[in-house]
Amino acid sequence: MLLPHAVIWMFSGGLMVLAAGMVSGQDYPNKPIRIVTSGLGGGTDFVARLIAEGISGPLGQSVVVENRANITGAEIGASATPDGYTLVVQGQALWIGPLLQKLSYDPVKDFSPITLSDRSPGLLSVHPSLPVTSVKELIALAKAKPGQLNYASTAAGSAGHLAGELFKAMAGVNIVWVPYKSMAVAVTDLLSSRVHMMFTSPSPVAAHINSGRLKALAVATAQPSPLLPGLPTVAATGLPGYEAASITVVFAPAKTPASIINRLNRESVRVLSTEVAKKKIFSIGAEAVGSSPQEAAAAIKSDMAKYGKVIKDAGIKVD
């Protein structure tokens with residue numbers, strides 16, 4: 001028997017309402033979630049696992065961390081279904097990478113930021129033999145000896161490389177970049193004074209600064225960092241406006257429903273706001289943040305504008 005038109009309309013209308021609810025994320029989550037992040041054992045992986053563990057209980061689902069190379073992880077996130085079941089936790093490489101080489105994703109169009117998770121203050125350290133005690137003195141020395149000072153970092157486009165080129169551009173100095181295949185070798189050469197200075201996160205050099213084998217000049221955050229108490233900022237001691245902190249962001253694929261983004265934001269920020277999480281992130285040389293999606297998007301936009309100019313002006317490329 002054929003159903004009356006009214007019944008057919010009610011039936012189909014009910015299905016449409018149900019489908020709309022599913023698309024908007026009203027039943028989210030109803031299956032395990034995966035977080036794609038960078039290499040196993042690194043700081044970003046550490047933070048991703050901390051967030052995964054913290055949001056799993058409140059969401060009522062297991063949250064699995066999957067380690068991939070930075071570009072591969074970004075590509076997975078960019079092409080994933082925007083349903084909240086694939087997230088990405090990555091740092092600068094995700095949004096700076098496309099400024100250095102042609103990649104298959106757009107860091108703005110293909111991702112929806114959820115929150116800033118942590119910030120690592122860039123640290124400017126020098127070999128003690130360098131006759132400077134401040135950023136102002138370092139700039140004066142570099143201007144007096146153009147092309148005679150150098151700085152170490154890892155690969156082209158790395159955080160340390162971009163921080164160094166930003167410093168050169170803003171200070172108007174000629175300091176030679178010396179690239180290294182690994183941070184360990186770069187630090188070793190800095191300790192032996194084969195290179196003069198380095199822009200890096202605190203972790204690789206903290207012990208050497210404490211022992212006096214290296215000298216810390218300043219932090220590259222806008223404000224002094226609790227990770228390095230008593231150390232002034234680069235901006236306050238010779239180069240106003242300079243900032244080169246590294247941030248990590250939690251992302252979902254673009255077009256993920258706002259209700260899901262907001263839910264994930266609330267749960268992630270709650271985790272990052274706990275004293276336990278703050279202490280754990282502090283222990284790896286970073287500061288827990290937690291932000292709105294809009295603040296995370298603004299930080300990425302600012303980073304891309306700042307380093308995009310540096311990359312273009314310095315002619316930095318990655319093959």
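The values are calculated or read from the model by the stated rules, or taken from the named source; none is laboratory data. If you're wondering where the values come from, they're calculated on a predicted model, not measured in any experiment. Cβ atoms come from the backbone with ideal geometry, glycine included; neighbour counts cover every protein chain shown.
Determine whether segment 155-168 contains at least one residue that is touching a Lys or Arg at 6+ places or on another chain (Cβ under 9 Å), on the phi > 0 side of the Ramachandran plot and not hydroxyl-bearing (Ser, Thr, Tyr). Yes, some residue in segment 155-168 is touching a Lys or Arg at 6+ places or on another chain (Cβ under 9 Å), on the phi > 0 side of the Ramachandran plot and not hydroxyl-bearing (Ser, Thr, Tyr). Within segment 191-235, the only residue that satisfies the criterion of being surrounded by 22 or more Cβ atoms within 10 Å (Cβ to Cβ), outside any loop (DSSP other than H, G, I, E, B) and among the small types (Gly, Ala, Ser) is Ala218.
Here the helices (runs of 4 or more DSSP H) wholly within segment 71-184 that include at least 3 residues being under 25 Å from Tyr242 (Cβ atoms) and not assigned by TED's automatic domain parsing to the domain that holds Ser283 are 135-144, 159-171. Residues that are outside any helix (DSSP H, G or I) and crowded, with 17+ Cβ neighbours inside 10 Å within segment 35-64 comprise Ile35, Val36, Thr37, Ser38, Val63, listed in sequence order.
Every listed requirement among (1) farther than 23 Å from Ala236 by Cα; (2) touching a helix residue (DSSP H, G or I) at 6+ places or on another chain (Cβ under 6 Å) is met by Val187 save one, (2). Candidates Pro121, Pro146, Pro107, Pro131: the one that is of a type outside the set (A, V, I, L, M), in contact (Cβ under 8 Å) with a residue 60 or more places away in the chain and over 18 Å from Ile35 (Cα atoms) is Pro121.
Confirm whether Ala207 is over 30 Å from Ile71 (Cα atoms) and modelled with pLDDT under 95. The answer is yes for Ala207. Against the list (1) out of contact with any Gly (no Cβ under 7 Å at 6 or more places or on another chain); (2) free of Cβ contacts under 8 Å to residues at least 60 places away in the same chain, the condition Thr154 fails is (1).
Is at least one residue of segment 110-128 more than 29 Å from Ser302 (Cα to Cα) and not polar (S, T, N, Q)? The answer is yes, given that some residue of segment 110-128 is more than 29 Å from Ser302 (Cα to Cα) and not polar (S, T, N, Q). In segment 123-138, the condition of being exposed (fewer than 15 other Cβ atoms within 10 Å of the Cβ) and among the hydrophobic types (A, V, I, L, M, F, W, C) is met by no residue. Candidates are the residues of segment 153-177 that are among the hydrophobic types (A, V, I, L, M, F, W, C), under 23 Å from the mean Cα position of the chain (by Cα) and buried (at least 16 other Cβ atoms within 10 Å of the Cβ); the one that is nearest to Lys317 (Cα to Cα) is Ala156.
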